[in-house]
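Let me begin by presenting the structure, written as structure tokens, before commenting on it.
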Amino acid sequence: MFRNSVSRSLSSLRLSRSANATRPFSASISRLDGLRPLDVLSEEEEMIRETVQRFANEVVRPRVREMDENERMDPAIIKGLFEQGLMGIETSAAHGGSESSFTSAIIAIEELAKVDPSVSVLCDVHNTLVNTVVRKYATEEQKEKWLPLLATEQLGSFCLSEPASGSDAFALQAKAHKVGNDYVLNGTKMWITNSYEANIFLIFANIDPSKGYKGITCFIATKDMGIEIAKKEQKLGIRASSTCTLNFDDVRIPAENIIGGEGQGYKIAIEILNEGRIGIAAQMLGLAQGAFALSVPYTYTRNQFKQPIGTFQGMAFSFAEAATQIETAKLLTYNAARRKEAGLSFVKEAAMAKWWASKVAQEVSGNAIEWMGGLGFTRETGVEKFWRDSKIGAIYEGTSNIQLQTIAKFIQKEYTP
């Protein structure tokens, strides 16, 4: 029954957008005097939030602990995400997607992370990285072939990082050389999200090392072309989200599977990772909210010294500080999303959102364990899982130091005489 209700909601969303194709975002929000709050949602965005909340609470939540303990994503979750239309949020209805906004995708990522950041990042990488690359850079023929698959049935993976290229992404060593109408790919990728369950892979490899990073090219491939899962990592957090090492040993990929043109991979990676950082900010934001909502109510039921521990000034002030941190992370994240959606510059804002949301997630989830005392330290409540999951926010899709470096460059450019 739930699946049908969500599908109907997203179907009505698509119909609404089709009937009002030229309607600007602001027209779907009630008129407000003065400035519009960043977190005021359009009708379509609110519909996304409500449906994802229901899916997360009714379908994902009962499976969270088991998936974490087993370090494996339940296939029913992935199937459910596709059935709800959450794996092609920005993809056009003509290609099987929900044809919604970038901010809608950010909202979905946030809501999933309130329950399980592992499910959230699976949805995030698929939508903000894989789908976006195909939508923005693929030819019309490629879009017709790949977008319907990505929107309705096949999980995608974004393959950039390597053993010797993490923050320095363009030091990658994977190479491809042309043989007839194919490219033959050799190399290794590491820390690849979704790769264990994925069937569609975006792979970055250099077709002309003499050109340096200008030889980097993006290929789209399927697992049956010979992609080998060499190792599935055992991680501190987001355990249900697969992170694998991939080997490419003379993998033949048709030349027609190049996305964006030869030598354009570096440009694609830079632009897409800037967008992806807003997705990670949303994941960390949702994580902080999930930890807060799970822990604070307990403090008003646990009595010590004849009063609820949550009413002691020290605890109350800690809650107030955490709530303010969460709100600032939310505003930074939504501001970056709105700027991206409006076609404004957003690189600095995305870096700020990711850096701050990652810090807030780690601090709030850590405090949440302490607020619950000994109970928070057990795996029974799930609060400790939020803290374990929070650590990755400062690492993937650009470390916290990379975000600070990006912000500092904008400051230097603005204030240098």
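The values are calculated or read from the model by the stated rules, or taken from the named source; none is laboratory data. On a predicted model such as this, the values are computed, not experimentally measured, just so you know. Note that each Cβ is placed from the backbone with ideal geometry, even for glycine, and that neighbours are counted across all protein chains shown. Note: accessible area is taken over every heavy atom of the protein model, side chains too, but ligands, DNA and RNA are not part of it. Shrake-Rupley method; radii C 1.70, N 1.55, O 1.52, S 1.80 Å.
With a probe of 1.4 Å, find how much accessible area segment 306-417 has per residue, and write the answer as a whole number in Å².
Details: 5730 Å² over 112 residues.
On a per-residue basis, 51 Å².
Select from segment 304-344 those trypsin sites (Lys or Arg not before Pro) which occupy a DSSP coil region and have at most 16 other Cβ atoms within 10 Å, ordered by residue number.
On the way: sites: LYS306, LYS330, ARG338, ARG339, LYS340; in loops: LYS306.
Listed in order of number, the matching sites are LYS306.
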### Summary
Interchain or sequence-distant (5+) residues whose placed amide H lies within less than 5 Å of the amide H of VAL251 are LEU185
### Summary
Distance in Å, no decimals, from the C-alpha centre of segment 321-367 to the one of segment 228-244 is 27
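Is the shape of segment 199-288 best called rounded, prolate or oblate, per the rule: a/c under 1.5 gives rounded, else a/b larger than b/c gives prolate, else oblate, with a ≥ b ≥ c the square roots of the Cα gyration tensor eigenvalues? Walk me through the numbers on the way to the answer.
Details: a/c = 2.34, a/b = 1.35, b/c = 1.73.
Oblate.
Need one number: the % of Cα-Cα pairs in segment 131-276 sitting beyond the 23 Å mark.
29
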#### Entry: Gyration tensor (alpha-carbon) shape descriptor, segment 60-180, a/c threshold 1.5
oblate
### Task
Please say if segment 114-209 is rounded, prolate or oblate, where rounded means a/c under 1.5 for a ≥ b ≥ c the square roots of the C-alpha gyration tensor eigenvalues, and otherwise the choice is prolate for a/b larger than b/c and oblate otherwise?
oblate
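Within the accessible area of segment 49-191, what % is carbon and sulfur when the probe is 1.4 Å and the other protein chains stay in place?
Heavy-atom surface of segment 49-191 belonging to carbon and sulfur, 1.4 Å probe: 49 percent.
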### Task
May I ask you to evaluate 6.51 cos²θ - 1.76 cosθ + 1.60, the Karplus curve with θ = phi - 60°, for each residue of segment 148-160 and list the ³J(HN,Hα) values in order in whole Hz, giving x for glycine and proline?
x, 5, 5, 7, 10, 7, 10, 6, x, 9, 10, 10, 10
### Message
List the pairs from LYS223/LYS267; LYS359/LYS391; LYS114/LYS232; LYS235/LYS359; LYS214/LYS267; LYS354/LYS409 whose alpha-carbon separation is above 18 Å, in the order I gave them.
### Response
LYS223/LYS267; LYS114/LYS232; LYS235/LYS359
### Message
What whole-number distance in Å separates the alpha-carbon centres of segment 109-150 and segment 164-206?
### Response
18
### Query
Mind listing P(r) for segment 188-229? All alpha-carbon pairs, 5 Å bins, whole percents.
5, 20, 27, 21, 13, 11, 2
### HN-Hα J in Hz across segment 69-80 - Karplus 6.51, -1.76, 1.60, θ = phi - 60°, x for Gly and Pro
5, 7, 6, 8, 6, 5, x, 5, 5, 4, 4, x
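Take the solvent-accessible surface of the protein heavy atoms, probe 1.4 Å, and return the percent of it on segment 315-385 that carbon and sulfur atoms account for. Mind dumping the intermediate values first?
Working: 1800 of 3030 Å².
In segment 315-385, the share of accessible area belonging to carbon and sulfur is 59 percent.
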### Message
Quick check for you: with a 1.4 Å probe and neighbouring chains kept, what is the accessible area per residue of segment 80-208, in Å²?
### Response
29
### Pair GLU256, ASN57: separation of 7 Å Cα→Cβ label points (nm)
4.8
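Considering Cα pairs under 8 angstrom that are at least six residues apart, work out the relative contact order of segment 291-366 and quote it in whole percent.
On the way: 50 pairs, mean separation 21.0, N = 76.
Value for segment 291-366: 28 percent.
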### Query
Normalised by the residues of segment 59-124, what does the relative contact order come to in percent, with Cα pairs under 8 Å and at least six apart?
26
### Query
When only Cα pairs under 8 Å and 6 or more residues apart are kept, what is the percent relative contact order across segment 174-300?
28
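Just the number, please: Stokes-Einstein D of segment 234-377 in µm²/s, Kirkwood Rh from C-alpha pairs, 25 °C, 0.890 mPa s. Please report the intermediate quantities before stating the final value.
Numbers: Rh = 18.2 Å.
Approximately 135 µm²/s, per Stokes-Einstein.
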### Task
Relative to the longest principal axis of the C-alpha atoms of the chain, give the angle of the C-alpha long axis of helix 400-415, reported between 0 and 90° and rounded to the nearest 10°.
80
### Which labelled figure in (1) 24.8, 108; (2) 22.2, 74; (3) 21.6, 80 is Rg and Dmax of the Cα atoms in Å, once derived from the coordinates
(3)
